[in-house]
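Report on the following structure.
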Amino acid sequence: MRWILAVAAAAFGLAAYAQDVGQIKNAKGAVYVEREGKRIPASAGMPVRGADTLVTGADGAVGVTFLDNTMVSAGPSTVFSIESYRFDSTTHDGQFDAA
């Protein structure tokens, strides 16, 4: 029984870690989302998660809107890593760390 609880707790922790924190509003040229060791072509409407890294190529540009309405734009040859994101829509308390 303890093992099942540990697995359930670990799965819940991963689900919380992979929570959507925003959405790609526009993507032009080469734009990718690096997530869980995979590089995924980005497109408008795609959700952004709390541990994602956005990568643009030499011809790329991307715009992202986060849950707190923060907007981030990145131009060509950019690497934008979301290190942590937390936002409470009731209290408007939050934290956003990126590099």
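The values are calculated or read from the model by the stated rules, or taken from the named source; none is laboratory data. A quick note: this is a predicted structure, and the numbers were derived from the prediction, not measured. Cβ placement follows ideal geometry from the backbone for every residue including glycine, while neighbour counts extend to all protein chains displayed. Keep in mind that these areas ignore ligands, DNA and RNA; they rest on the heavy atoms of the full protein, side chains included. Shrake-Rupley method; radii C 1.70, N 1.55, O 1.52, S 1.80 Å.
Quick look at the numbers
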item: Count of the range 28-72 residues which are among the charged types (D, E, K, R) and either touching a Pro at 6+ places or on another chain (Cβ under 8 Å) or within 25 Å of Asp93 (Cα to Cα) (or both); result: 4
item: In the range 42-99, residue most open to solvent (accessible area, probe 1.4 Å) [restricted to those that are assigned to a strand (DSSP E or B) and among the polar types (S, T, N, Q)]; result: Ser73
item: Meets criteria (touching a residue at least 24 places away in the same chain (Cβ under 8 Å) and surrounded by fewer than 16 Cβ atoms within 10 Å (Cβ to Cβ)) for Ala27; result: no
item: Residues of the range 30-41 classified as touching an Asp or Glu at 6+ places or on another chain (Cβ under 8 Å) and open to solvent by less than 20 Å² (accessible area, probe 1.4 Å), total; result: 1
